[in-house]
Amino acid sequence: MSSPQGIEVPDALVASYARNGDEEERAWVARLPALVAELLDRWKLERDGGIRSGEASLVVPVRRTDGTRAALKLQMPREETTAALIGLRAWNGDGIVRLLDHDLESSAMLLERLDGSRTLASVEDDDVAMTTLAGLMTRLHSVPAPEGLRDLGDLARDMLASVPDALAALPAPEDRRRLHGWASAVTELVEEPGDRMLHWDLHYDNVLAAEREPWLVIDPEPLIGDPGFDLWPALDTGWERLHSTGNASRVVRRRFDLLTEALGLDRRRAAGWTLARLLQNTLWDIEDGRTDIDPSQTIVAEALPRN
């Protein structure tokens, strides 16, 4: 999809919204070329490379009038895009990509340019990569959470309310037993949800090489809660390579040990909040029509300490 200004929306992004979006979302994609042109003009930006896209966002490499390289990112305005703006303003580039400018109405962001071709997944030694990620996560969690973000307590209560219907959708007794156990762990923690600002999706592919620092985090989905709720994406990251080791459970346990030690977390609480993530993932899978628990969720659960 292109405009007279030559701004092309990648076919993959158009297809993603056509496949998963409603009429409003498809209309937003159709307006993207005009919106990009407007923002390039308003912020006096020059295009500086090919347009890229993810599952739901468009990224345009640009240069500012002073020659600074930046990236214009657009994603349909939603609760999570508003949360990302709130979080990026609060973090102010501390371990994370720096927000240079933004437009509240469209949720457009002008971001520091990072090296999208090199992620933390390129580091061969998993201990080194996980230690790097843990250091970045520690920095993110140290910044006081601003107002306006979702609260983990509310999220956890919503999950627990969905459990009865989810149990009915699982035909295997072992899956029902497992889901019930994860829900019980969440029930024990729900009244102490924590007060730190979480990233919610911090894994190797959301850490990019940079000039300002060796590595910086991208794509936050900020949430206020317990740091233990932030561990699962890191435990699960690079699953295909992890699973090919033949001992995924051992690697997950090693990662859990590194993360909890680096962040100074209570291991029992961290394990409980990780089970909350497995519960959340499974509830989403069931909403999408799945009738069993993904084996990767089970491997992570079995790798966690029992006490």
Checklist entry - Once both axes come from the Cα atoms, what is the angle between helix 79-91 and the longest principal axis of the chain, in degrees from 0 to 90, rounded to 10? => result 80
Checklist outcome for this item: Computed about the Cα centre, the charge dipole of the stretch 143-287 from +1 Lys/Arg and -1 Asp/Glu charges at the Cβ has a magnitude in debye, to the nearest 20, of 700
Checklist entry - In the chain, what percent of the accessible surface is made up of carbon and sulfur (1.4 Å probe, ligands and nucleic acids excluded)? => result 48
Item to check | Added length on full extension, which subtracts the Cα-Cα distance from 0.36 nm per residue, Arg177 to Asp205 | outcome: 6.8 nm
Checklist outcome for this item: To the nearest 0.05, the calculated FRET efficiency linking Glu147 and Glu191 through their beta-carbon distance, R0 being 25 Å, is 0.75
Next on the checklist: If I model a spin label as a point 7 Å beyond the Cα along the Cα-Cβ vector, how far apart are those points for Glu124 and Asp294 in nm?
Outcome noted: 2.9
Item to check | Rg [Å, one decimal], Dmax [Å, integer] - the stretch 187-307, C-alpha atoms | outcome: 14.7, 46
Checklist entry - Ignoring ligands, DNA and RNA, how do Thr245, Thr65, Thr119, Thr282 rank by accessible area with a 1.4 Å probe, largest first? => result Thr65, Thr245, Thr119, Thr282
Next on the checklist: Given Cβ point charges of +1 (Lys, Arg) and -1 (Asp, Glu) and nothing else, what value in debye, to the nearest 20, does the dipole of the chain about its Cα centre take?
Outcome noted: 580
Checklist outcome for this item: If every Lys and Arg gets +1 and every Asp and Glu gets -1 at its Cβ, then about the Cα centre the stretch 1-120 yields a dipole, in debye to the nearest 20, of 420
Checklist outcome for this item: In the list [x] 21.0, 61; [y] 20.2, 63; [z] 18.2, 55, the entry giving Rg and Dmax of the Cα atoms in Å computed from the coordinates is [y]
Checklist entry - Looking at Ile299, Ala129, Thr274, which one has the Cα that reaches farthest to the positive end of the dipole of the chain (charges on Cβ: Lys, Arg +1; Asp, Glu -1)? => result Ala129
Item to check | DSSP-loop GluC sites (Glu not before Pro) across the stretch 72-169, with at most 12 other Cβ within 10 angstrom | outcome: Glu105, Glu124, Glu147
Item to check | Reciprocal mean inverse distance between Cα atoms of the stretch 11-112 - Kirkwood radius, Å | outcome: 14.1
Item to check | Among Leu231, His102, Leu160 the positive-end extreme of the charge dipole of the chain (Cβ point charges) | outcome: Leu231
Next on the checklist: Counting heavy atoms of the protein chains only and a 1.4 Å probe, report the per residue accessible area for the chain as a whole number of Å².
Outcome noted: 47
Checklist outcome for this item: In whole angstrom, the spacing between the Cα centers of the stretch 79-98 and the stretch 269-307 equals 27
Checklist entry - Given the protein chains as shown and a 1.4 Å probe, how many square angstrom of Glu302 are accessible, to the nearest 10? => result 110
Item to check | Where trypsin sites (Lys or Arg not before Pro) in DSSP loops with at most 14 other Cβ within 10 Å are excluded, longest remaining stretch of the chain | outcome: 79-211
Checklist entry - Put +1 on the Cβ of every Lys and Arg and -1 on every Asp and Glu Cβ in the stretch 120-303; which of Pro173, His199, Pro144 then has its Cα farthest towards the positive end of the dipole? => result Pro173
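The values are calculated or read from the model by the stated rules, or taken from the named source; none is laboratory data. All figures in this text were calculated on a predicted structure; none of them were measured in a lab. When we count neighbours, we look across all protein chains shown, and the Cβ atoms used for this are built from the backbone with ideal geometry, even at glycine. Remember, those area values only see protein heavy atoms, side chains included, never the ligands or the DNA or RNA. Shrake-Rupley method; radii C 1.70, N 1.55, O 1.52, S 1.80 Å.
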